[in-house]
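A short worksheet on the structure shown next.
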Amino acid sequence: MKKTALNAIHKSLGAKMVDFAGFEMPVSYEGVNAEHQTVREHLGVFDVSHMGEILISGPQAIDLVQSVTSNDISKIVDGQAQYAYMPNEKGGIVDDLITYKLNDEQYLMVVNASNIDKDFAWITAHNNTSATVENQSDQYGQLAIQGPKANTAMQKLTNVDLKKLKFYHFEIGEFAGVQDVIISATGYTGSGGIEIYFKPENAQEIWTAVMEAGKDFGIKPIGLAARDTLRLEMGFCLYGNDIDDHTSPFEAKLGWITKFTKDFVNSENLKKEKEQGTAQKLTAFILKGKGIPRQGYDIVDEQGEKIGRVTSGTKSPSTGDAIGMGYVKDGYHQIGSEIFIQVRKNAIPATVVKLPFYKA
């Protein structure tokens, strides 16, 4: 397994380590619920250095980004980030990602750890421009410092005004005495905060400074298990669970990041699909009976006929509800509809709800 530059620190803190996308990563420290609430109420720090970074550069960089991603990168300015997905040629999704516009000739794509090699190969194979594509994943460490107190606690470490840093914008500046750190108002928790990118050799000193700066605000290290419950409460998709190579972006309700203002991979077919509609849709639900929905569980109607499947589910640490998302046949996804989750031998009633599950 690969290891991040903070691997020894996680072990020294008693983290439970697991294999995640080929990396040895901390799944939890003191327990999922406690870590989850730390982020919702105070602040927590995640080591997400396993994420991938692909740099696209050159005069035609924008042309390559436009051709392989669903969103319209021409709509953002230097210092802004954009969420998108890369469609494949069969109607599915290669990956979802965030693209950071460094300048007119440099775009940094941050991709999922499990897809780094696949994404790099895909972009390279579809590069019909003079743009240069570099897999720089080994050149970056990344921390997500998340929670309502994150920006206040971290302000003492940087000359970037974190209060003025708009959502999905970033600056490159000094952080904890380290130069050229990307400081981004992004995250996967719904509780605010920042994500920072830096050279792996600076990881330990930055981690130490972050923990010290957050000490009086209740900071704690947070594992990947709580990252999953936090994102699910917000209804954020997880690649491999809610979206994958076979998932239609319109079934996944990603039409809002599908812009037909330009041509991109499979755009003509996706345009037709948007017009025709889809046979199923990703739907959020709350169980009304006892049980916890898990990935792969069947979703059935009142007669017990299968109408879909669960893609993500848990007991919400914030609300106490058993929550989940899954694909259901068109017609069963309206807010307020009753569906049933097959939990072993029992069909547990559930109500279709509007996202997010958690509201601050």
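Annotations for the structure displayed:
- Nearest-20 debye value, the stretch 52-136 charge dipole, Cβ charges on Lys, Arg, Asp, Glu: 160
- Placed amide H near V111: partners under 5 Å, 5+ positions off or other chain: G52, E53, I54
- Taking a straight line from the alpha carbon of K288, these aspartates and glutamates sit under 15 Å away, with near neighbours fewer than eight places off in the same chain left out: D301, E302, D321, E338.
- Mean-square fluctuations from a GNM of the chain, with a 10 angstrom spring cutoff on Cα atoms, peak among Q37, Q106, Q303 at Q303.
- Most mobile listed residue (G52, G79, G223) in the chain, GNM with C-alpha springs under 10 Å: G79
- Among the trypsin sites (Lys or Arg not before Pro) in the stretch 305-348, those placed in a DSSP loop whose Cβ has at most 10 other Cβ atoms within 10 Å are R344, K345.
- A Gaussian network model of the chain, with springs between Cα atoms under 10 Å, assigns the largest mean-square fluctuation among V18, V111, V65 to V18.
- Charge dipole (debye, nearest 20) of the chain; +1 at Cβ of Lys and Arg, -1 at Cβ of Asp and Glu: 1240
- R0 of 25 Å, Cβ-Cβ distance S130-Y168: FRET efficiency to nearest 0.05: 0.30
- Positive end of the dipole of the stretch 204-360 (Cβ unit charges, origin at the Cα centre): among L355, F236, I257, the Cα lying farthest that way belongs to L355.
- Charge sum, other residues only, whose C-beta stays under 14 Å from K2's C-beta, Lys/Arg counted +1 and Asp/Glu -1: -4
- The simple Förster model, with R0 at 30 Å and r as the Cβ-Cβ distance, assigns D216 and K75 a FRET efficiency of 0.15.
- Pairs from K253/K290; K11/K118; K16/K220; K149/K220; K259/K329; K215/K315 whose Cα-Cα separation, in the structure shown, is over 18 Å: K253/K290; K11/K118; K259/K329; K215/K315
- Sparse-neighbour loop sites [chymotrypsin sites (Phe, Trp or Tyr not before Pro); the stretch 197-291; at most 13 other C-beta within 10 Å; DSSP]: F260
- Total charge dipole magnitude, the stretch 279-353, about the Cα centre, Cβ charges on Lys, Arg, Asp, Glu only, Debye to nearest 20: 320
- Here is the result for the stretch 185-240: no GluC sites (Glu not before Pro) lie in DSSP coil with at most 12 other C-beta atoms within 10 angstrom of their C-beta.
- The mean sequence separation of alpha-carbon pairs under 8 Å and at least six residues apart, normalised by the residue count of the stretch 232-355, gives a relative contact order of 27 percent.
- The modelled label-to-label distance for the pair E305/E105, using points 7 Å beyond Cα in the direction of Cβ, is 6.1 nm.
- Each other residue within a Cβ distance under 14 Å of N33 adds +1 if Lys or Arg and -1 if Asp or Glu, for a net charge of -2.
Throughout, read-outs are computed from the coordinates displayed, never taken from laboratory work. Quick caveat: nothing in here was measured; it's all calculated off a predicted structure. Glycine gets a Cβ as well: all are built from the backbone with ideal geometry, and neighbour counts include every protein chain shown.
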